[in-house]
Amino acid sequence: MIRTLKTRGAIAPAFACCILTIAVLVITGSAAGAQTVVLPRESVWRFEDSGVALPATWVDTGFVDAAWDSGAAPLGYGESYIVTPTSYGPDPQNKYITTYFRSTFDLQDDPLDILSFTLRTNFDDGFVAYLNGQEILRRSMPAGPILYSTEASLHEGGGYELWDASAAIPALTATGNVIAVEVHQASPNSSDLVMDFEVATSLSATVVRGPFLQLPSESGVTLCWNTNAATDARVWYGATPTTLTQSVTDPTVGFEHSVALSGLQPGTTYYYSVGTSTEALVGADADHRFATSPTPGVPTPVRIWVIGDSGQSGTSQDAVRDAYLSRPDAADTDLWLLLGDNAYEIGDEVEYQAALFDEYSDLLRNVPVFPTRGNHDIVRAGDSNDYFEFFQLPTAGESGGVASGTEAYYSFEFANVHFVCLDSEGSDRSPTGPMATWLRQDLAANLKDWTIAFWHHPPYTRGSHDSDDPGDSGGRMTEMRENFLPITDSLGVDLVLSGHSHSHERTGLLDGHYDVSSTLLPSMVLDGGNGRVSGDGAYEKATLGSAPHEGCVYVVAGNGSKTSDGPLDHPAMYASQDRLGSVLLDVTGARLDVTFIDENGTQRDSFTMTKGLVTPVPVGLPSSRLSVRASPSPFGVSTSVEFTVPSADRVEVRVIDAAGRVV
C-alpha cells in the first residue's frame, strides 16, 4: 500500500497546469534511523519528447535509451526554474499528452537490510512511476492500462507528497536500478510541465516531524508525529521520564501517526515517548512532557502565547521566537494560538515543515497548538499538503465547547477560559451562514468566566491592510466586522485576536462599532485609556462571565515574522507599532493581562482587564471623586487602605485576591 508523508525541503511555487516534481526527504548518510538519498534532485535524466507512443518495454532495465536526449532536472516547460527544456510539440494548444523520463541509481546498502523505500512528489497533472519494469506509483491517473493518449485528472501543484513505495523493495538490486516516469497532461492545452525526482532508502524508522500535541482536555491529549518509514505507532507515558509504565498502541501502519490518550487526571503533568510497537524513537526525557487541562471552570492561572503571520522563515522569525522563549516564564506556557499565514507563501507541506514544525519543535512537543487559517494557508487537492491535513482540530467538542462539525472553525476550553476560532478566509461569512449560526449557539452555551476569539482578518486595522476598504482582502475584514462583531458583542466576548496586518495594533474597550472608522462615536468607546493598572486603570467589566455589551478589546498581531508599511492611524486604536513581536496572555481568576513583546524581548505595550471586581459608584457620584490608596502596594503582611469620598458616608471595602476570591 502507498501512503503519504509530510516532509521538509524547498520548492519553487507552481500553480499552472502540468507539473511533476518527485523528490524525497534529503537526509544523507546510511546510519541507522537516517534516510539515504540514492537519486539526488537535479540529477541527469534521459527523456523522450517526440509525441510518439513507446512500446511497453520502455520501462524495462534492458531498454536502450542511448538515442534519447538528456539533461539535468528540473526538466519540462512553462516554469522559470526549468533547467532542461523539453518539447510539447508544434502547437501550444495541442501539446503532447505524454513525455517519458528514465534514470538509474545504485544502492549504498544491502537490499536485504532496507526497511523503507520512499518517493516524494509534487505534481500536476498525473504520472506513473516504475522501478526495474514494475509499476510502483501512479497519481491522478485512472485505473487500468495506461496509453500514450490517457489524460490525467486535474491535480494542483505546489505541495510535496511523500509516498511509501516499500512494497517495491524486493525489486531493488545493488546496482543499475532503473527508475522510469511517464508524465501525462490533463488536456492538450496544459500550460506547463516539470519533472524532478529523488529516491531514498532507510535502514530503520526515525521521527521526521513532531511529536506535537493536539486536542487537549482535562482527561486526555492526542500526540502526532511522522516517521520516514511506514510503521505502527505507540505512546508510552507516566509520571516521570523514567516511569513510562502505561502505553497506547495504534496498529495502523503508515507515515503519519496520531495516538489519543484518555483516562488521565486533570491538571497533571505527564512524560512520554513515541515510537513503534517494538521500540521508542524519541522521548523518555524531561523535554517530552504535557499537562492535561485543569478541571473545567475552575479558576487556574492560564498562560497563552499568540503569534500571527509567523510563517516567513528567517532571522525575523527566529528573533520573535527566541524573544519569547528566552523569558523565564515561557516555561509556564499552557496554550499556543496561531493567527493564520502560518507558513509562507502557499502554506504547503514543505513550507509548514520549515516554518512551523522545524522552527518551533521544542515548543510543539510540550504545548498544544490551536491555529486559524490565513490567506496564505492555501487548501489544495491531493493528500497531506495543506492546513487541514497538518493539524487535528476539535470538530465534536473534544476540548470543550459546542461541536462545530468542521476544522475550519471550532471552540475549546481551558480552566475558566472559553476560546473561539473562526475561519475568516474560506468559510461563509454571512450573518445567517453556518459559521455565524454555530457561533451564536456556542457563545450562548458558554459558562466560562472569560471568552477569547481569534481569526485571521482583523475588523479594525490601518497597517499593511485597511479595514475601511471593502475591496481589501476580498471584503473579509468588512464582513467580519459587520456580521460577526454584533454577535460577539451581544454574547460577551472579551478579547478578539487577529493577524493579517503586519504590525501591532490594539484598541481600548469598545462596544457597538460595526462600520468604517469615521463612524466611531465616543459612546462606542467604553474606556479609551491605556488599560494599565499603573496608568489610567484596568479596563473593568462588571460581570464575571458572559454579559452583553460590556466591551471588547481588539488586538492585531500579524507581526510574528514580518512587518509592512502602513499609516497605523485607525482611530479605534490606543496603540499602534510597526514592530516585530508576539503577544502574551495571562489569565488569573478575574484578571486578564495582555502584553506585546517585541523581537528584542522588550515589553512594548500592555493592558489589564478585570471582571466582576467593580463596585458600583452611587448614582450622582462621579468615579473621579472617589479615590482609594493602599500602602504598601503590592500588599504586605500589614496593609493600610485609605479612601476619600466627598461627604460623610458609609463605605464597604472588599479585598479580592488575584484569583477573584474575596479575602
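The values are calculated or read from the model by the stated rules, or taken from the named source; none is laboratory data. Computed from a prediction, not measured in an experiment: that's the story for all the values here. Heads up, the Cβs are rebuilt from the backbone with ideal geometry, glycines too, and the neighbour counts pull from every protein chain shown. Remember, those area values only see protein heavy atoms, side chains included, never the ligands or the DNA or RNA. Shrake-Rupley method; radii C 1.70, N 1.55, O 1.52, S 1.80 Å.
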**Asked** Does Ala331 fit the bill of being within 10 Å of the chain's Cα centre (by Cα) and either surrounded by 22 or more Cβ atoms within 10 Å (Cβ to Cβ) or more than 15 Å from Gln317 (Cβ to Cβ) (or both)?
**Response** no
**Asked** In the range 360-414, what count of residues is obtained for those that are assigned to a loop (DSSP other than H, G, I, E, B) and either at pLDDT 95 or above or more than 16 Å from the chain's Cα centre (by Cα) (or both)?
**Response** 33
**Message:** If Leu223 satisfies all but one of (1) part of a strand (DSSP E or B); (2) modelled with pLDDT of 95 or more; (3) in contact with a Ser or Thr (Cβ under 7 Å, 6 or more places away or on another chain), what's the number of the condition it fails?
**Reply:** (3)
**Prompt:** Right, Ser293: modelled with pLDDT of 95 or more, among the small types (Gly, Ala, Ser) and buried (at least 22 other Cβ atoms within 10 Å of the Cβ) or not?
**Reply:** yes
**Prompt:** Scanning for something charged (D, E, K, R), within 24 Å of Ala453 (Cα to Cα) and buried (at least 16 other Cβ atoms within 10 Å of the Cβ), does the range 343-364 turn up at least one residue?
**Reply:** no
**Within the range 428-453, tally of residues that are assigned to a loop (DSSP other than H, G, I, E, B) and either open to solvent by less than 20 Å² (accessible area, probe 1.4 Å) or more than 23 Å from Pro470 (Cβ to Cβ) (or both)** = 5
**Prompt:** Would you pick out the residues in the range 582-614 that are surrounded by 20 or more Cβ atoms within 10 Å (Cβ to Cβ) and in a loop (DSSP other than H, G, I, E, B)?
**Reply:** Gly589, Ala590, Glu599
**Qualifying residues in the range 52-79 (those that are within 24 Å of Asn122 (Cα to Cα) and of a type in the set (Ser, Thr, Tyr)) - the one most open to solvent (accessible area, probe 1.4 Å)** = Ser70
**Prompt:** Does Ser262 fit the bill of being in contact with a Gly (Cβ under 6 Å, 6 or more places away or on another chain), more than 14 Å from Val583 (Cα to Cα) and surrounded by fewer than 20 Cβ atoms within 10 Å (Cβ to Cβ)?
**Reply:** yes
**Item:** Scan of the range 107-133 for residues that are part of a strand (DSSP E or B) and closer than 12 Å to Thr173 by Cβ, ordered by number
**Value:** Leu131
**Scope the range 524-551; condition among the acidic types (Asp, Glu) and part of a loop (DSSP other than H, G, I, E, B); matching residues** = Asp536, Glu550
**Complete:** Of the residues in the range 185-220, those that are open to solvent by 20 Å² or more (accessible area, probe 1.4 Å) and outside any loop (DSSP other than H, G, I, E, B) come to Val207, Gly210
**Message:** If I filter the range 43-51 for residues that are modelled with pLDDT of 90 or more and either loosely packed, with under 15 Cβ neighbours inside 10 Å or within 32 Å of the chain's Cα centre (by Cα) (or both), do I get at least one hit?
**Reply:** yes
**Prompt:** Does at least one position in the range 480-490 carry a residue that is closer than 28 Å to Gln441 by Cα, in contact (Cβ under 8 Å) with a residue 24 or more places away in the chain, of a type in the set (Gly, Ala, Ser) and not in a loop (DSSP other than H, G, I, E, B)?
**Reply:** yes
**Request:** Kindly indicate whether Val556 is in contact with a Lys or Arg (Cβ under 8 Å, 6 or more places away or on another chain), over 17 Å from Thr610 (Cβ atoms), of a type in the set (Val, Ile, Thr) and not in a loop (DSSP other than H, G, I, E, B).
**Result:** yes
**Complete:** Inside the range 41-84, the number of residues satisfying the requirement of being over 23 Å from Asp192 (Cα atoms) and either in a loop (DSSP other than H, G, I, E, B) or among the basic types (Lys, Arg) (or both) is 9
**Prompt:** Could you list, in sequence order, the residues of the range 535-572 that are modelled with pLDDT of 95 or more, over 26 Å from Leu447 (Cα atoms) and open to solvent by 70 Å² or more (accessible area, probe 1.4 Å)?
**Reply:** Asp536, Pro567, Asp569, Pro571
